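Undergrad: So that we are looking at the same thing, I have put the structure below in structure tokens.
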Amino acid sequence: MFTNVRSRSLALAAVAVAVGLGSHQALANTGTAKAVILKAISLTEGTNLNFGTILPSASAGTVAVAAATGTATPTNVSLFGGAAAGSWSATGTANQNVTITLDSSPITLSTISGPAGTMTVDGFATDVVGQAKFDNTGNLAFHVGATLHVGANQQDGSYSGSYNVTVNY
Amino acid sequence: MSAKSPGRSSAFAAAALALVVGAPVALATTERGRATATIVHAIMVTEAVPMSFAAVAPPSSGGAIVLTTSGAISGSGGFIFRGRPTPGAFDARGMPNHPASVSFSSGNLVTGPGPAMRLGAFTTNNAAPVFDSAARLSFAVGATLVINPNQTPGQYTGTYAVTVNF
């Protein structure tokens, strides 16, 4: 693609020169041009985002997992540990700024087996401080946290769901 | 410098601009990550050690014998105790650092070759039980067994229910 665009541009330049300057044949070649060739981004999930083992109560509650620390904060429920932030690693073009986009609307976790149950997860956030950017070796590591909403007397079982992470230049 | 040069230069710039503008769509990457959670039942209570009064030789009049949560056994005059009595022991899991209450079933009977004996007046070694920071609570259980007059010798067994609440 780069080659094609460049050829077309050269042709345009040649035409402009021909129209504007008529008889001149030789072209001085001192202009500068910049192009950034971006490497396709590769994105890999390390650790699952895990809200741990939870004992629900008679009222609805939440478990908020902090992206930076993986610390889970329960409200109206009891936690037995096991919570972790999602971990991600991306590779791309060194020193390039990127935008990380997470789900803006809630996702659903469903029971893997046994009686049916669902919970929602929202408030997705990363632990990136300031501008997300590939380092000088083209790597970018970050974590994802979110908030799980546990219903009153939530059906017991193992729940799973998926969320989207997009990294873009 | 020739006037043609800037024209060529801007053409290159246009090419570079086209690349940058076109790049994001082709190079964005989206992956699906997994989110998980486990919901557990309410409090779990597990019997670690069954309660045992060991061997008892009662007087003909019968009477009540008391097993404490430390395993001591006693009765009114005439009782002879043999073997090693053990209090019941239980482990519970609940809510970290939360107070719990322990209660017992009533009307429990211990049955065997002779008339059933009543088991009751349960005690625990924890007057104000609280789940620890790992949501665990362990406690011992003592009780009183009422032996009937002229109780038939033999092995007697029974059950009682322990309820932990918070």
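Undergrad: Taking the residues in the range A:87-105 that are in a strand (DSSP E or B) and in contact with a Lys or Arg (Cβ under 8 Å, 6 or more places away or on another chain) as candidates, determine which candidate is nearest to A:ASN168 (Cα to Cα). Don't jump to the end; show me each part of the working.
TA: If we filter the range A:87-105 for residues that are in a strand (DSSP E or B), which is where we start, we get A:87-91, A:97, A:99-102.
Then keep just the ones that are in contact with a Lys or Arg (Cβ under 8 Å, 6 or more places away or on another chain); that gives A:91, A:97.
Details: A:THR91: 11, A:ASN97: 9 Å.
Filtering first and then ranking leaves A:ASN97.
Undergrad: Let me ask something else. Specify the residue that is farthest from the chain's Cα centre (by Cα); the eligible residues are those in the range A:96-121 that are over 30 Å from A:LYS39 (Cβ atoms) and surrounded by 15 or more Cβ atoms within 10 Å (Cβ to Cβ). Let's see the steps before the verdict.
TA: Restricting attention to the range A:96-121, the residues satisfying the condition of being over 30 Å from A:LYS39 (Cβ atoms) are A:105-106, A:108-121.
Right, trim to surrounded by 15 or more Cβ atoms within 10 Å (Cβ to Cβ) and you get A:106, A:109, A:111, A:117, A:119-121.
Values: A:PRO106: 16, A:LEU109: 20, A:THR111: 26, A:GLY117: 28, A:MET119: 22, A:THR120: 20, A:VAL121: 16 Å.
Among residues in the range A:96-121 that are over 30 Å from A:LYS39 (Cβ atoms) and surrounded by 15 or more Cβ atoms within 10 Å (Cβ to Cβ), the one farthest from the chain's Cα centre (by Cα) is A:GLY117.
Undergrad: How many residues does the range B:122-158 contain that are surrounded by 13 or more Cβ atoms within 10 Å (Cβ to Cβ) and among the hydroxyl-bearing types (Ser, Thr, Tyr)?
TA: Residues meeting the conditions: 5.
Undergrad: Just wondering, is there one or more residues in the range A:118-129 that are touching a Ser or Thr at 6+ places or on another chain (Cβ under 6 Å), not aromatic (Phe, Trp, Tyr) and not in a strand (DSSP E or B)?
TA: Looking through the range A:118-129, none of the residues is touching a Ser or Thr at 6+ places or on another chain (Cβ under 6 Å), not aromatic (Phe, Trp, Tyr) and not in a strand (DSSP E or B).
Undergrad: Consider the range A:77-91. How many of its residues are over 19 Å from the mean Cα position of the chain (by Cα) and touching a residue at least 60 places away in the same chain (Cβ under 8 Å)?
TA: Total meeting the criteria: 1.
Undergrad: What pairs come up if the first residue lies in the range B:47-66 and is over 13 Å from B:VAL110 (Cβ atoms), the second is basic (Lys, Arg) and surrounded by fewer than 13 Cβ atoms within 10 Å (Cβ to Cβ), and their beta carbons are under 6 Å apart, counting only those six or more places apart or on different chains?
TA: B:ALA54/B:ARG84; B:ALA55/B:ARG82
Undergrad: Which of the residues belonging to the range B:80-103 are surrounded by 18 or more Cβ atoms within 10 Å (Cβ to Cβ) and either modelled with pLDDT under 90 or under 14 Å from B:PHE139 (Cα atoms) (or both)?
TA: Result: B:PRO87, B:GLY88, B:PHE90, B:ALA92, B:ARG93, B:GLY94, B:MET95, B:PRO96, B:ALA100, B:VAL102.
Undergrad: Checking A:THR44 against (1) among the polar types (S, T, N, Q); (2) under 22 Å from B:ARG93 (Cα atoms); (3) facing chain B (nearest Cβ under 8 Å); (4) surrounded by fewer than 16 Cβ atoms within 10 Å (Cβ to Cβ), which test does it fail?
TA: Unmet for A:THR44, out of (1) among the polar types (S, T, N, Q); (2) under 22 Å from B:ARG93 (Cα atoms); (3) facing chain B (nearest Cβ under 8 Å); (4) surrounded by fewer than 16 Cβ atoms within 10 Å (Cβ to Cβ): (2).
Undergrad: Here's something else I'd like to know. Restricted to the range A:49-67, and to residues that are modelled with pLDDT of 95 or more and within 23 Å of the chain's Cα centre (by Cα), which residue is farthest from the other protein chains (Cβ to nearest Cβ)?
TA: The qualifying residue farthest from the other protein chains (Cβ to nearest Cβ) is A:ALA66.
The values are calculated or read from the model by the stated rules, or taken from the named source; none is laboratory data. This one's a predicted model, so the numbers in the text were calculated from it and none came from an experiment. Cβ coordinates were reconstructed from backbone atoms using ideal geometry, including for glycine residues, and neighbour counts include every protein chain displayed.
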